[in-house]
Amino acid sequence: MQKKFIIIFSLLMLVLLPGASALKVVSTTTVTWDPVQYIGGDRVEAIYIADPTICPHMQSDIIPNRIQMQKDFIRDADLFVAINGSVDQAYVMPFVDDYMKANNYGTVDWVTLKDPAMTWNTPENAKALATEAGGWLIAADPANRTYYESRLSDYLAQIDAVDLTDEERSMITGQDVVVMVWQKEAAEDWLGLHVVNIFAPEFYMGGKYTPMKLVDDMQANPGNYADVKYVIENMQSGEVAKGVHEYLTSNGVPAQRVIFTNFPKSIPGVDTLPDVLEYNKNLVKPLAAAAAAEAGQTTAPVTTKAPVALPVVLAALGIIAVAVFRKK
């Protein structure tokens with residue numbers, strides 16, 4: 001009886017404490033957190049610092065609080081990873097560094113992307129980022145190399161699965177759009193949309209591409225915009241192009257305003273980089289977009305994923321335990 005109880009108790013502990021011996025990883029954003037957590041599987045426990053719904057450069061008052069909420073994990077982390085672009089360098093990494101130093105927890109040795117300027121909103125780039133993230137885990141925990149390589153292969157296959165099909169390519173490619181500059185590569189190079197013009201925040205290129213400047217160009221060259229199907233915003237940059245969309249529609253161009261995202265976990269059901277790619281793609285499918293427009297939506301429908309809840313697993317183990325004791 002005692003031996004069986006110990007076995008069952010051990011099983012329960014494995015469920016309740018999955019990260020007890022896992023590699024602990026801190027990521028600045030969900031962009032690196034997602035591939036690290038997926039590839040790491042049950043050998044890795046990862047967290048992210050920045051809120052994925054808004055750009056980190058708008059979170060100077062939020063990030064210190066998010067660090068405090070996860071301070072014990074950060075204190076004991078084995079690996080710190082980052083994109084290391086200008087936003088990470090200015091708005092996330094210094095807060096983590098300062099927290100560790102202020103509490104005498106040591107100096108953070110960041111592991112970062114080789115190219116901090118790389119994007120990840122196309123399948124090709126997402127796979128490159130995931131491959132690099134897999135390399136981080138292998139370097140930190142070489143004993144589990146085969147496990148990580150297998151999980152990486154699965155993850156890359158998920159990215160391939162959401163790339164454009166031939167049918168989708170025929171539906172999407174060639175449509176006229178105006179797009180927020182951070183989404184231009186995804187719109188043009190991956191989705192094959194015809195980018196008539198871009199818009200951007202005031203700080204980009206000395207303010208040459210603000211929404212106001214775009215409207216000025218629309219007024220000067222209306223023929224260039226007559227067939228625009230979408231005004232594509234970037235979620236993490238805020239709603240900056242409502243005026244652009246209103247100008248087009250008020251001048252007889254029935255464009256739809258849609259909002260791409262760059263970050264996993266920024267929208268319910270959009271939890272991974274493959275989800276991000278699929279979500280953005282679906283926004284510019286003509287049939288799906290038309291249905292969304294009728295419903296007054298600027299976001300794509302998502303499929304809710306139902307993970308196995310811990311109480312269900314515990315209940316199942318409890319039933320096994322009862323059965324064992326009854327046989328005894």
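Assorted remarks:
- Scanning segment 150-169 for residues that are open to solvent by less than 60 Å² (accessible area, probe 1.4 Å), touching a residue at least 40 places away in the same chain (Cβ under 8 Å) and in a helix (DSSP H, G or I) yields 152, 155, 159, 168.
- Close pairs from segment 253-273: first without any contact (Cβ under 8 Å) to a residue 24 or more places away in the chain, partner open to solvent by 10 Å² or more (accessible area, probe 1.4 Å) and of a type in the set (S, T, N, Q), Cβ under 6 Å, at least 6 apart: none
- Pairs where the first residue, in segment 277-293, is of a type in the set (S, T, N, Q) and the second is assigned to a helix (DSSP H, G or I) and modelled with pLDDT of 90 or more, C-beta under 7 Å, 6+ apart: 280/186
- Scope segment 122-149; condition surrounded by 13 or more Cβ atoms within 10 Å (Cβ to Cβ), over 15 Å from residue 31 (Cα atoms) and among the hydroxyl-bearing types (Ser, Thr, Tyr); matching residues: 147, 148
- Residues satisfying the stated conditions in segment 256-287, i.e. in a loop (DSSP other than H, G, I, E, B) and either of a type in the set (D, E, K, R) or open to solvent by 10 Å² or more (accessible area, probe 1.4 Å) (or both): 262, 263, 265, 266, 268, 269, 271, 272, 285
- Checking each residue in segment 238-263 for being under 12 Å from residue 183 (Cβ atoms) and aromatic (Phe, Trp, Tyr) picks out only 260.
- Of all the criteria given as (1) outside any loop (DSSP other than H, G, I, E, B); (2) open to solvent by less than 50 Å² (accessible area, probe 1.4 Å); (3) on the phi < 0 side of the Ramachandran plot; (4) touching a residue at least 12 places away in the same chain (Cβ under 8 Å), the one not satisfied by residue 119 is (1).
- Only one of 168, 185 that is charged (D, E, K, R) and either more than 25 Å from the chain's Cα centre (by Cα) or within 22 Å of residue 237 (Cα to Cα) (or both): 185
- Note on segment 203-244: among residues that are assigned to a helix (DSSP H, G or I) and of a type in the set (Ser, Thr, Tyr), the one that is nearest to residue 86 (Cα to Cα) is 204.
- Of the criteria (1) open to solvent by 70 Å² or more (accessible area, probe 1.4 Å); (2) touching a Ser or Thr at 6+ places or on another chain (Cβ under 6 Å), which one residue 98 fails: (2)
- None of 204, 230, 225 is among the hydroxyl-bearing types (Ser, Thr, Tyr), open to solvent by less than 20 Å² (accessible area, probe 1.4 Å) and either under 16 Å from residue 282 (Cβ atoms) or out of contact with any Asp or Glu (no Cβ under 9 Å at 6 or more places or on another chain) (or both) except 230.
- Exclusive hit being within 29 Å of residue 237 (Cβ to Cβ), open to solvent by less than 40 Å² (accessible area, probe 1.4 Å) and β-branched (Val, Ile, Thr), set 111, 36: 36
- Qualifying residue in segment 142-154 (condition: modelled with pLDDT of 95 or more and closer than 30 Å to residue 241 by Cβ): no
- Boolean, residue 139 is within 23 Å of the chain's Cα centre (by Cα) and of a type in the set (A, V, I, L, M, F, W, C): no
- Residue count for segment 43-90 under the criterion of being in a helix (DSSP H, G or I), open to solvent by less than 60 Å² (accessible area, probe 1.4 Å), among the hydrophobic types (A, V, I, L, M, F, W, C) and closer than 26 Å to residue 104 by Cβ: the result is 5.
The values are calculated or read from the model by the stated rules, or taken from the named source; none is laboratory data. Owing to the predicted nature of the structure, the values given are computational and were not obtained by experimental measurement. With ideal geometry, Cβ positions are generated from the backbone for all residues, glycine too; neighbour counts draw on all protein chains shown. Surface areas here come from the heavy atoms of the whole protein model, side chains and all, with no ligands, DNA or RNA. Shrake-Rupley method; radii C 1.70, N 1.55, O 1.52, S 1.80 Å.
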